[in-house]
Amino acid sequence: MAETAPKRALLTGITGQDGAYLCELLLTKGYEVHGIKRRSSQLNTQRIDKFYEEPQFRKRLVLHYGDLSDSTCLVRIVQLVQPDEIYNLGAQSHVAVSFESPEYTADVDGIGALRLLDAIRICGLEKKTKFYQASTSELYGKVQEVPQRITTPFYPRSPYAVAKLYAFWITVNYREAYGIFACNGVLFNHESPLRGETFVTRKITRALARIKVGLQQCLYLGNLDARRDWGHARDYVEMQWLMLQQEEPRDYVIATGNQYSVKEFVQLACEMLGITIEWTGEGAEAKGIDKATGKVIVAVDPRYFRPTEVETLLGDPSEAEEKLGWKPKTTFNELVREMVEEDLVLARRDQHSVGGGFQSYTSTSL
Ligand code: NDP
Ligand code: GDR
């Protein structure tokens, strides 16, 4: 019997957190995975390098240089790969950074989605290529309904969210106008040990682990009262794939249905590290003191406040459960534990380097 060709997926943002988890999921499912990576002056494929070392995956993973701001390269890659599925995960994904680079963020996060959808049309692949757009709970911004579901009105609060609003609607429009199987996954925050170090959860687990082993004195944060619905990236990429395996394309909210504050995240991470933290002050004056040493280990630096903040987000995942049978597997406690444990290993490794006379990298600008 002739072997059937593997399904082919094209991922933008393959070098990011979700890209790495999705890449692994698709390779495990037998896909041929093509990824678009940006040229960088330093290596930027650390999260996916391990797949090249796996003999069973190596042959089915292909990387192409490209950029979401460059439509000619996107058309060329889509034409070359003829993908069955495109997952548009690439983005300038940091909300605070989007206030500093609003135009770039609009170009990559908003128009980037259009460029890819148009590449599908230009290549005549409307009937073949399914499209996943990485939409976000940031669309709800100043929340109009609790919990947020797919019908909740949007009220974006940052250049990032406004750019993603455009990407959301252009995805809907290309589905309706050209019959492309295109879906938005409106994902609430999802984290992991692979999370970028400047997002709040990873910043917390990394810094507290380094404080625990004596490599850092204090963790500086912004709004400690912000509340988020935090899930695990590994669970969420499964849902991204599931959405493209349905009979009909539609948009879904992906969340856990539970919410915690930044302060509660810090508190739990401290407990897991055996640090007893005592809080004093409120708002910009809030401080976390290590009870054992009396030292301030968490403080607020207003530099991390945003011009417009999203105070609270809480998703309703019931539709994903009813229609797709999807439920997040990892609890909040398990997520925080996994991140803390991995960062403690990294901190101890750094501690050994320092003991051996090497410098350890502590950025105060994270
Ligand atoms: P990351 O920031 O970890 O990864 C972003 C990826 O996009 C990286 O691979 C990055 O490349 C790439 N990228 C950045 N700019 C460009 C560009 N101009 N052209 C091509 N690629 C580019 O994000 P996540 O993995 O956390 O998120 C994936 C997607 O999901 C993003 O679109 C994000 O906005 C969205 N999202 C994320 C959520 C979350 O909680 N994680 C929740 C909701 C939505 P490089 O490695 O070179 O920087
Ligand atoms: P978010 O994630 O903005 O929700 O966007 P982030 O982790 O950056 O912030 C979450 C909340 O924590 C508050 N906060 C801080 N944030 C950062 N980064 N650094 C700090 O020091 C700090 N102190 C407090 C923030 O103000 C905010 O309220 C993420 C990204 O992955 C987006 O791409 C994605 O779309 C959304 O999640 C859903």
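Nothing in this text is a laboratory measurement; each read-out follows from the coordinates by a stated rule. Predicted, not measured: the structure shown is a model, and the values here were computed from it. Positions of Cβ are backbone-derived with ideal geometry, glycine not excepted, and every protein chain shown enters the neighbour counts.
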For segment 236-366, what does the convex hull of the Cα positions come to per residue, in cubic angstrom? 169
Using only Cα atoms, tell me the angle between helix 332-355 and the longest principal axis of the chain; keep it within 0 to 90° and round to the nearest 10. 70
Dipole in debye (nearest 20) - segment 123-247, about Cα centre, beta carbon charges: Lys, Arg +1; Asp, Glu -1: 400
Positive-end extreme of charge dipole, segment 8-187 - chosen from 45, 153, 92 (charges on Cβ): 45
Would you mind telling me which residue in 167, 284, 347 has the biggest mean-square fluctuation in a Gaussian network model of the chain, where springs connect alpha carbons within a distance under 10 angstrom? 284
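Return the ratio Rg/(2.2 N^0.38 Å) for segment 8-187, where Rg is computed over Cα atoms only. Write down the numbers at each step before the final one.
Numbers: Rg = 16.2 Å, N = 180, 2.2 N^0.38 = 15.8 Å.
Computed over Cα atoms of segment 8-187, the ratio equals 1.02.
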Out of segment 260-292, which trypsin sites (Lys or Arg not before Pro) are coil in DSSP terms and have no more than 15 other C-beta atoms within 10 Å? 291
Can you run phi through the Karplus equation (6.51, -1.76, 1.60; θ = phi - 60°) for segment 153-161 and list ³J(HN,Hα) in whole Hz, with x for Gly and Pro? x, 7, 8, x, 10, 7, x, 4, 5
Proximal charge balance of residue 101 [Cβ under 13 Å; K/R count +1, D/E count -1]: -4
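Return the inverse of the average 1/r over all pairs of distinct C-alpha atoms in segment 161-307, which is the Kirkwood hydrodynamic radius, in Å to one decimal. Walk me through the numbers before you get to the answer.
Values: mean 1/r = 0.0567 Å⁻¹.
Hydrodynamic radius (Kirkwood, Cα pairs) of segment 161-307 is 17.6 Å.
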So how tilted is helix 262-272 from the main axis of the chain? Cα-based, degrees 0 to 90, rounded to 10. 70
How large is the charge dipole for the chain, taken about the Cα centre, if only the Cβ atoms of Lys, Arg (+1) and Asp, Glu (-1) carry charge, to the nearest 20 debye? 780
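Sort 301, 84 by Cβ crowding within 10 Å, fewest neighbours at the top.
Values: 301 13, 84 18.
Fewest-to-most ranking of 301, 84: 301, 84.
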Which one, 166, 189, 141, is farthest towards the positive end of the dipole of segment 139-216 when Lys and Arg carry +1 and Asp and Glu -1 on their Cβ? 189
Starting from the Kirkwood radius over alpha-carbon pairs of the chain, derive D by Stokes-Einstein at 4 °C in a medium of 1.567 mPa s and give it in µm² s⁻¹. 60
Quick check on the chain: helices-only [θ] at 222 nm, where DSSP H runs of length 4 and up contribute -39,500 (n - 2.57) each and the sum goes over total residues. Nearest 500, please. -11500 deg cm²/dmol
